[in-house]
Amino acid sequence: MVAPRNPAGVGAAVVVGCDPPVEVAACADVAGGVGPVAMVVSPADPVGDGTVVEYLVVAAGRVVGVAAWVAPPPHAATVASAASRAGRRRVRTGGVAQRYDLRPPDEWDPTARHGAQVSAGCLLGTTSAVTSRPAPEGLQHCPTGIDGLDQITAGGLPRGRTTLVAGGPGCGKTLMAMEFLVRGIEMGEPGVFLAFEETAEELTTNVASLGWDLDELTKAGQLVVDYVKVEREQIDMTGDYDLEALFIRLGLAIDEVGARRVVLDTLEVLFSALDDTARLRAELRRLFTWLKTRGVTAVVTAERGEGALTRHGLEEYVADCVISLDHRVDDQLAVRRIRVVKLRGSAHGTNEYPFLIGARGFSVVPVTSFGLEHPASQEVVSTGVADLDAMLGRGGWYKGSVTMVSGESGTGKTTFAAAFADAACRRNERCLYLAFEESASQLTRNMASVGMRLDRGIAAGTLLIHASRPTQVGLESHLTTIYEQVEAHDPDVVVVDPITDFTSLGANVEVKALLMRIVDYLKNRQITTIFTSLQHDPGGEDPSVSSLIDDWVQLRNLESDSQRDRGLFIQKARGMAHSHQIRGFVLTDNGIKLLDVVSAKGRQGDKETQR
Amino acid sequence: MTDIGNGSVDAEAVNDTTWQLRLYVAGETSRSVAALANLRRICEEHLAGKYAIEVIDLLERPQLARGEQIVAIPTLERRLPEPVRKIIGDLSNTDRVLIGLDLRPAH
């Protein structure tokens, strides 16, 4: 449980006489007659709404009611207002009417709280402190099984409720809905897909490339795909009607497979096929209520409307969860984004997250949610260059650290990166090499000339070189690609060579955000990472990137009378008493070899075989 | 007295020129009772002696809702003569029903 914040100095207390004990987080005075109100965070989640902050409504030291809140937490004034309206079901917060469950305790737990005494200490003062806690796992979330979506929804869609997925044409609504069912079946929850736009055959064909065999699932009694054909040309309207037949169809399908998940894609087709919009709306409202009583977790898709979330305002009927999908073009690059507009009872991420429709279906990249919580390892990983290991004082980079190797062109950045990858392979660790300038075979050939046999790692399956041009796709796609590759290959070390090419794709701030998300993600997985970075002018440093990385090795061209030498120094290495020397280095048949300290008097590299 | 049977065909002679009409309902609701009454009246006026009405209660034969692509209740289906036409509603608007059944050209 989150420790209650308590600016007014009110001690947290336990409500006396409750079993299980109810923790009081803070209290508020109530103007308007009811008396002091204690805000509590109870140990249970009686309303089943996820993140719940509960308020005991207290009069004369006794609990007379309970207000249960979902995020966002209101402040004391709202609590006061809630208390004065205890028993009513609508509370006004900040001018916006919001629906809250304000219920007397005997509605859900008569023995635990009704009449329970509140200890005197907690009834002093006013405070706006409110604590909330994440919902107990598995209680009311229905995990979608869709990559990343469960992370941004804090566990999945609200179980037993209806979720609206809104978006323009071609943004992936149908696919997301289908994946919700397919993943559900994988988790032992049969599903029903009521299709209003495509026939079962079309749907089956469309998703076959993702490896989903709808025919197979149907045969196995796990899935019903029912195409609901409503064509205006074949239908006339005369007078009053209801959608009972649709209910019957859906009910039949649910019963056939014992469905736990239902998709309606896209209900709005009904609006073009049937007259009497008012009647239709009433019926849809009835449909959503009916779905709830059936206990299925439903996904309803809807077309984006002009200046509205959906064309026909379906969001009015779906109170529990609304997800918006977007597909827009920035700088000639198409980017798909997903946003959880509303998710009742959960502290969901409110950002827009990029998503991809990849070879395995939907993939949301919620990397921004990772934050700075990664563990710090004491373990050290060799840089692949023995002399450099020695310079670092500890014998290598910390496991899970992020290192940048920067320098002008031709200073050997890729060689350093490859040495790191090669060393990982020699240790039998898994390595992902993201190459943005060279193909895998070119890289392998070039590095073989300095004694690094990347081909061995590739053959052994430990090294995966993923080569692509950065300009082919947008920043978000890169992030998603990295994410997907990392998830698939599960590497111990990652090389990104180079990160500089990202700057051609967006403004600096966007690139930095991208890098930050990559860094957070990799660090959370305890992956040791090397970025290479091309510097255009010697000594030119990029402070925006510097803060993100732990270690920084700078490579330099050292020019003198008739020769160009390479040199390096360690700009920084967090948590290490590293050498401050500038060292020359050469690329030999057996990898990178550092020379003695470069002095003003002469170069010592001349004796070595240089390339 | 209107009775809504299930799959009951009115005792008219069924032959090639007979109009085959199906009325889909879900239980004996006032709306379906009204629809059947309206349908009988219209048929008697315009198709006397050459029609057959089959009433399908989807509560008892739910699979027909899927098979025959029924969404709304009541739905009148003209199965013969072809092409198949569907009319949704309680059939209270006689003119619209006649147009829908192609018994009267749309103006």
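The values are calculated or read from the model by the stated rules, or taken from the named source; none is laboratory data. Computed from a prediction, not measured in an experiment: that's the story for all the values here. Virtual Cβ from ideal backbone geometry, glycine too; neighbours counted across all protein chains shown.
The figures follow:
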{"quantity": "Elements of type strands (runs of 3 or more DSSP E) in region A:291-361, at least 1 residues being modelled with pLDDT under 85 and in contact with a Pro (Cβ under 8 Å, 6 or more places away or on another chain)", "calculated": "A:333-343, A:352-358"}
{"quantity": "Options A:SER409, A:SER382, A:SER377: the member that is polar (S, T, N, Q), more than 18 Å from A:HIS466 (Cα to Cα) and touching an Asp or Glu at 6+ places or on another chain (Cβ under 6 Å)", "calculated": "A:SER382"}
{"quantity": "Boolean, A:ALA259 is more than 7 Å from chain B (Cβ to nearest Cβ), of a type in the set (A, V, I, L, M, F, W, C) and in contact (Cβ under 8 Å) with a residue 60 or more places away in the chain", "calculated": "yes"}
{"quantity": "Test set (1) more than 7 Å from every other protein chain (Cβ to nearest Cβ); (2) out of contact with any helix residue (DSSP H, G or I) (no Cβ under 8 Å at 6 or more places or on another chain); (3) outside any strand (DSSP E or B) - B:GLU77 fails condition number", "calculated": "(3)"}
{"quantity": "Subset of region B:26-60 (residues that are in contact with a Phe, Trp or Tyr (Cβ under 8 Å, 6 or more places away or on another chain) and among the hydroxyl-bearing types (Ser, Thr, Tyr))", "calculated": "B:TYR51"}
{"quantity": "Which numbered condition A:THR444 misses (of (1) hydroxyl-bearing (Ser, Thr, Tyr); (2) more than 32 Å from the chain's Cα centre (by Cα); (3) closer than 26 Å to A:GLY584 by Cβ)", "calculated": "(3)"}
{"quantity": "Subset of region B:20-30 (residues that are over 19 Å from B:ASP102 (Cβ atoms) and either touching a helix residue (DSSP H, G or I) at 6+ places or on another chain (Cβ under 6 Å) or crowded, with 22+ Cβ neighbours inside 10 Å (or both))", "calculated": "B:TYR24, B:VAL25, B:ALA26"}
{"quantity": "Scan of region A:557-593 for residues that are part of a strand (DSSP E or B), of a type outside the set (Gly, Ala, Ser) and closer than 17 Å to A:THR403 by Cβ, ordered by number", "calculated": "A:LEU568, A:PHE569, A:ILE570, A:GLN571, A:LYS572, A:ARG583, A:PHE585, A:ILE592"}
{"quantity": "Subset tally (residues that are crowded, with 17+ Cβ neighbours inside 10 Å, at pLDDT 85 or above and over 28 Å from the mean Cα position of the chain (by Cα)) for region A:531-569", "calculated": "10"}
{"quantity": "Any hit, region A:235-243, residues being within 24 Å of A:ASP320 (Cα to Cα), more than 34 Å from the chain's Cα centre (by Cα) and either at the interface with chain B (Cβ under 8 Å from one of its Cβ atoms) or modelled with pLDDT of 90 or more (or both)", "calculated": "yes"}
{"quantity": "From the options B:LEU101, B:LEU64, B:LEU91, residue that is within 7 Å of chain A (Cβ to nearest Cβ) and surrounded by 15 or more Cβ atoms within 10 Å (Cβ to Cβ)", "calculated": "B:LEU91"}
